[in-house]
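Please treat every number below as a calculation from the coordinates, not as lab data. Quick caveat, the model's predicted, so the values are computed rather than measured. All Cβ positions, even for glycine, are placed from backbone atoms using ideal geometry, and neighbour counts span all protein chains on display.
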Amino acid sequence: MTNFFLILMGFFIVIANIIGFIFYKKKKNLYFAAFIILILAFLLGAFGGALAVFIINDAFAIFYGFRVGQYLIVNSVIVFLIAILVTVIKKFRN
């Protein structure tokens with residue numbers, strides 16, 4: 001059961017990054033992509049928690065969703081820091 005949730009966590013992280021990349025390609029804005037990934041952190045965290053409660057049939061399984069959301073929030077912070085770094089590099093080049 002643990003392997004299933006680890007695979008699901010990795011799947012959610014990959015899906016959030018792919019959706020963020022698609023929005024980056026459309027808007028050409030890294031900050032917007034980081035914001036989309038942050039929003040997806042809450043949505044996918046809630047979905048993962050609900051799925052865990054449904055599969056495990058225990059009220060404490062909701063904390064799995066919090067854990068998935070935590071990793072996705074860290075992921076969006078990393079994307080935001082990369083966006084800041086890219087902006088600083090562009091400012092120094094000009």
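Quick check on region 74-86. Is at least one of its residues outside any helix (DSSP H, G or I), surrounded by fewer than 17 Cβ atoms within 10 Å (Cβ to Cβ) and out of contact with any Pro (no Cβ under 6 Å at 6 or more places or on another chain)?
no
In region 54-75, how many residues are of a type in the set (S, T, N, Q) and either without any contact (Cβ under 8 Å) to a residue 12 or more places away in the chain or more than 15 Å from Met9 (Cα to Cα) (or both)?
Total meeting the criteria: 1.
Between Leu43, Leu38, Leu51, which is without any contact (Cβ under 8 Å) to a residue 12 or more places away in the chain and surrounded by 13 or more Cβ atoms within 10 Å (Cβ to Cβ)?
Leu43
From the set of residues in region 8-34 that are in contact (Cβ under 8 Å) with a residue 40 or more places away in the chain and more than 8 Å from the chain's Cα centre (by Cα), which is farthest from Leu85 (Cα to Cα)?
Leu8
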